[in-house]
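Values quoted throughout were computed directly from the atomic coordinates according to the rules given, and no laboratory measurement underlies them. This is a predicted model, so every value here is computed, not measured. As a convention, Cβ positions derive from the backbone with ideal geometry for all residues, glycine included, and neighbour counts pool all protein chains shown.
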Protein chains: 2
Amino acid sequence: MSRPPYLRLHIRCETPGRVHANDIVASVVREHERGALPAGARMAPVRVLEHQLGVSKNTVQAAYDELAARGILAARSREGVFVADRREPLSVAAPLTATPPTLRSVECGLPERFTEADVHLSSVFVDPALLPHERVADCFRSVLGNPRRHALYDVQGYGPLRELIAQRLRLRGMNVETDDIIVTCGSQQALDIAARVIEPRAIATENPVYSLARGLFEMQGLRTVALPLDPFGPLDVEEWRRRLMAEPPGLLYAITSFQNPTGRSYSTTELETILRMSREIGFALLEDDWGSDMLSEADYRPTLRALGGEHVLYVNSFTKKLMPSLRIGFIAAHKSVAPTLLGAKRLAAVGGPTVVEAALCELLDRGYYDTHLARLQTELDLRYHACLESLRELMPEGVRWTLPGGGPILWLDVPRSVDLDQLAARLAEEGVRIQPRPRAFYGTPHLHGFPVGYAFTSPLRLRGALEALARELSRA
Amino acid sequence: MSRPPYLRLHIRCETPGRVHANDIVASVVREHERGALPAGARMAPVRVLEHQLGVSKNTVQAAYDELAARGILAARSREGVFVADRREPLSVAAPLTATPPTLRSVECGLPERFTEADVHLSSVFVDPALLPHERVADCFRSVLGNPRRHALYDVQGYGPLRELIAQRLRLRGMNVETDDIIVTCGSQQALDIAARVIEPRAIATENPVYSLARGLFEMQGLRTVALPLDPFGPLDVEEWRRRLMAEPPGLLYAITSFQNPTGRSYSTTELETILRMSREIGFALLEDDWGSDMLSEADYRPTLRALGGEHVLYVNSFTKKLMPSLRIGFIAAHKSVAPTLLGAKRLAAVGGPTVVEAALCELLDRGYYDTHLARLQTELDLRYHACLESLRELMPEGVRWTLPGGGPILWLDVPRSVDLDQLAARLAEEGVRIQPRPRAFYGTPHLHGFPVGYAFTSPLRLRGALEALARELSRA
């Protein structure tokens, strides 16, 4: 198509809904007199107007003939109908360039780009080689066997999936019903919809914090109450209480198992203390439980949601443990607030991709997910222990690390004399990438290190990377 | 598993990373003295601590033996290790129920629930029977042939898909490169990320407006400049200018083809007027172009983005035209702002489902999408004309409707004397659902009617519904 686009015109009708040739003529004459029809501009072809206005070809042709007779239009054979060349072309005073938008800045680093060649030592992801790609594909294939079934979406998420998720949570001691579950795009969207609507507009977070949560809360305009977390010691309850009472937040956000970035988990007593403070000071709780099913033991650890009841907002996802690119998470919320959260999700993104939700539902239903989790846990155990063994053997004096007991990461702390940026740069030259995460800390970091992920890298490569790390640390 | 969950404890080590039996003993004694170990509570099994701490079974067993000897723990054969029953159980002063969250209200109606039995006369959706389910399924199957390839995601959206989208836009006269495209969850997420970051915090919208956009902008705390839109007449440029100059917004949001809910499209002159105002008054433009490829004619109509250049934020999606449940849309943004919008998307939801993005990419690449669009347009034409014919034949005096010339909906306006709620109620009894959309208007509605969607319902059923409508209108 090398023809220029035609002019879009409004045809006004005397009787709306009923177009006559006169209406077309009058509309074009009016535009022409206003100077809105530049000479040489192409008019809509007859067949286009015929269709758009729902009139016969003859009606349009009669109008165009009259306009040609008036000297306003000119038909060129095989080319179309054009505005006749009687006037000067409109002089466009300014070029029609729109004003560029002005945007608030957004504090959000770049995502890590994974390369085959490097060891990404701080990744919280699980090695894709451990993920059940074929099982997932089988479930997609099964769902696609009847593709018409999944043409529309449920804003809240595919019903049968929500039902299975609620069942799983009940087995872990949480009192949850199908309608309490809202399926989201990973955990992040669940945090987002809670952050949008919470009152008052302040949120308490761990310090160090999962940095995408920090960025999200800041983008949503929430004030922050930073609660210091020492992964090597108990909770500083008095400091937490002091800060929470000074500015009672709408929500306290906590990752209760294998906290990102420290790998720390809360003890039952600590969870109970948090619940007591929630009652006494009057803030609600947002629990991010991404990690508790990355434990190798069948015994579960009680969650805040199980201990504190149905008013705790509970978030989890299948991202890390199943396949990051599925992007399915959820939030479990009490009936009294679920409709508002659902409204926020609808306004943020309407619904999610049903076919993915249905495939995940099938995976859960067939038991593939549990089989996978059991295998994954065994493999994560091996990697965790191999990592601990290497650390004990290789790390020089003054280096310490947490003992998460599961999950994908631990926190490695190095002496203050080590310059973390220099260390990262030197390791990068050897193909080892570490992420010191300065954005995870509010104020001056009380830790001095970075996460070590044992789930993403095979034990052999991890060993090599830790050897490089030990060499650089000894040199520093 | 009928055993109760065990207590989670922190074991503090003298030397972090190196646990000895003494550390376990000291930690348990400390907790016991604090009163944090209720009598009868279950301790972590030996194998759990062994694993979590990365120590030998003997180390844990030695510690437990010592704690039993001290009278703090008691082992019960085949049951596990428990806190000994020497003290009174801790009295829990208050039940450990978390404080419920307080949420802002969200203005967002419920989504329409589609039923087979009813005719949903105001739906903007396309009849699922017209959608290429099998083609989509084929592309998924092909993508799943190598499921490992799509395990991780690209926050910006699957690269090859962005490339194809950019190509398509260039063919329509828009100067767009692959990296200018951010894939989103439908159009709605694209509007959301723009709304999050735009400065100043005011947005101009059409009145009536697409109501989920209104709800979104209000949830994001944007002030609104409402610009009256009369689908039966030309743009009231002077009124628009007056309102825009009174409060210059950060963005003007417009649906330029087949506006929701009126079905109105802007003429080229009107688009140029909007561009001139953007320059003169200094606001940016957000174009929602959901509809322009629902035209039956191969000739495209120029978009604001094509006329106004690369600073116009351009949003489109494949939702309505391909399959609602895929939930793939995108925003095209100039290099100077794309990174900020991408940051906002990352904080809102991280990435999208790669497998869906890859399947859509394949659909575009194989040409299936264009074949489908051509067929869809032909069918929409038939339905549009059948609808116009029925309206002309059936509607009583005083009823008027727009002539969109394409797309899925027109606006039907009825005499003011008709009570729209009563009309909706009476029609519902006959299985015909209409949606008068009061939330689409700011202030007192200057129109009095509702959208009629001809894309969702077969011509035969639509005819029946319009007959019922005509009967009720004549009675009213």
>> Place a point 7 Å from Cα of B:L382 in the direction of its Cβ. Which residues in region B:107-136 have their backbone N less than 12 Å from it?
In response: B:130
>> Measuring nothing but label to label, 7 Å from Cα along Cα→Cβ, what are B:T378's distances to the other copies in nm, shortest first?
In response: 5.7
> Looking at this model, which pairs from A:K320/B:K321; A:K320/B:K345; A:K345/B:K335 are more than 22 angstrom apart at the alpha-carbon?
Replying inline: A:K320/B:K321; A:K345/B:K335
>> Net charge around A:Q422, counting only other residues with Cβ within less than 15 Å of its Cβ (Lys, Arg = +1; Asp, Glu = -1)?
In response: 0
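At a 10 Å Cβ-Cβ cut-off, how would you order A:R76, B:R301, A:R439, fewest neighbours first?
Ordered from fewest to most neighbouring Cβ atoms within 10 Å, A:R76, B:R301, A:R439 come out as A:R76, A:R439, B:R301.
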> Normalised by the residues of chain B, what does the relative contact order come to in percent, with Cα pairs under 8 Å and at least six apart?
Replying inline: 19 percent
>> Relative contact order for region A:155-200: what percent, with Cα pairs under 8 Å and sequence separation of 6 or more?
In response: 35 percent
> Looking at the square roots a ≥ b ≥ c of the eigenvalues of the Cα gyration tensor of the protein assembly as shown, which shape do they give, rounded for a/c under 1.5, prolate if a/b is larger than b/c, or oblate?
Replying inline: prolate
> Once amide H atoms are placed 1.01 Å from N in the peptide plane, what residues at a sequence separation of 5 or more from B:R223, or on another chain, have their amide H within under 5 Å of its amide H?
Replying inline: B:A202, B:I203
> Can you give the mean number of other chain Cβ atoms that lie within 10 Å of the Cβ atoms in peptide B:263-270?
Replying inline: 5
>> How large is log10 of I(q)/I(0) for region B:15-92 at q = 0.13, 0.18, 0.27 Å⁻¹ when the intensity is taken from the Debye formula with one equal scatterer per alpha-carbon?
In response: -0.38, -0.71, -1.39
> Ordered by residue, what ³J(HN,Hα) values in Hz, to whole numbers, does region A:191-206 give under the Karplus form 6.51 cos²θ - 1.76 cosθ + 1.60, where θ = phi - 60° and Gly and Pro are x?
Replying inline: 4, 4, 5, 5, 5, 4, 10, 6, 10, x, 7, 9, 9, 8, 9, 5
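Is region A:392-476 rounded, prolate or oblate when judged by the Cα gyration tensor, a ≥ b ≥ c being the square roots of its eigenvalues, rounded requiring a/c under 1.5 and prolate requiring a/b larger than b/c?
Values: a/c = 1.41, a/b = 1.12, b/c = 1.26.
In terms of gyration-tensor shape, rounded.
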> How far is helix B:237-246 tilted, in degrees, relative to the longest principal axis of the Cα atoms in chain B, given as a value from 0 to 90 rounded to the nearest 10?
Replying inline: 30 degrees
> Taking the alpha-carbon set of region A:134-173, what are its Rg and Dmax in Å?
Replying inline: 12.8, 37
> By how many nm would the segment from B:D421 to B:R170 lengthen if fully extended, with 0.36 nm per residue of separation less the alpha-carbon distance?
Replying inline: 85.8 nm
> If we hang a label 7 Å off Cα along the beta carbon direction at A:S77, how far is it from the matching labels on the other copies, in nm, shortest first?
Replying inline: 11.1
> Short version: ³J(HN,Hα) in whole Hz for each residue of region A:304-311, in order, from phi by Karplus 6.51 cos²θ - 1.76 cosθ + 1.60 (θ = phi - 60°), x for Gly and Pro, what are they?
Replying inline: 3, 4, 6, 6, x, x, 6, 7
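To make sure I understand, if each residue's beta carbon is the centre and we count other beta carbons within 10 Å, what order do B:F232, B:F114 fall in, fewest to most? The partial results should precede the final answer.
Working: B:F232 18, B:F114 13.
By the 10 Å Cβ count, ascending: B:F114, B:F232.
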> Once you sort the root eigenvalues of the Cα gyration tensor of region A:186-284 as a ≥ b ≥ c, which label holds: rounded (a/c under 1.5), prolate (a/b larger than b/c) or oblate (the other case)?
Replying inline: oblate
>> Only counting other Cβ atoms within 10 Å, I'd like A:S257, A:S122 sorted with the fewest neighbours first.
In response: A:S122, A:S257
>> Nearest 500 deg cm²/dmol is fine: what mean residue ellipticity at 222 nm does chain B get from its DSSP H runs of n ≥ 4 alone, each adding -39,500 (n - 2.57), divided by its residue count?
In response: -12000 deg cm²/dmol
> How big is the equivalent ellipsoid of region A:321-476 along its three axes, where each semi-axis is √(5λ) from the Cα gyration tensor, reported in whole Å from largest to smallest?
Replying inline: 38, 22, 14
>> For a quick check: with amide H placed at 1.01 Å from N, whose amide H comes under 5 Å from A:G449's, ignoring anything fewer than 5 positions away on the same chain?
In response: A:V414
> Nm distances between the label at B:S105 and the same-position labels in the remaining copies, 7 Å along Cα→Cβ, shortest first?
Replying inline: 3.8
>> Going by amide H atoms built from the backbone, whose H comes under 5 Å of the H on B:F82, apart from near neighbours?
In response: B:M43, B:A74, B:A75, B:R76
>> I need the phi-derived Karplus couplings for region B:395-411: 6.51 cos²θ - 1.76 cosθ + 1.60, θ = phi - 60°, integer Hz, Gly and Pro marked x.
In response: 6, x, 3, x, 9, 9, 8, 7, 10, x, x, x, x, x, 9, 10, 9
>> Using a Förster radius of 51 Å, what is the FRET efficiency between B:T444 and B:R148 based on their Cβ-Cβ separation? Nearest 0.05, please.
In response: 0.30
> If you average over every viewing direction, what projected area does the convex hull of the Cα atoms of chain A give, in nm²?
Replying inline: 32.1 nm²
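Provide the three semi-axes, in whole Å and in decreasing order, of the ellipsoid equivalent to region A:91-222 as defined by the square roots of 5 times the Cα gyration tensor eigenvalues.
The answer is 34, 25, 23 Å, longest axis first.
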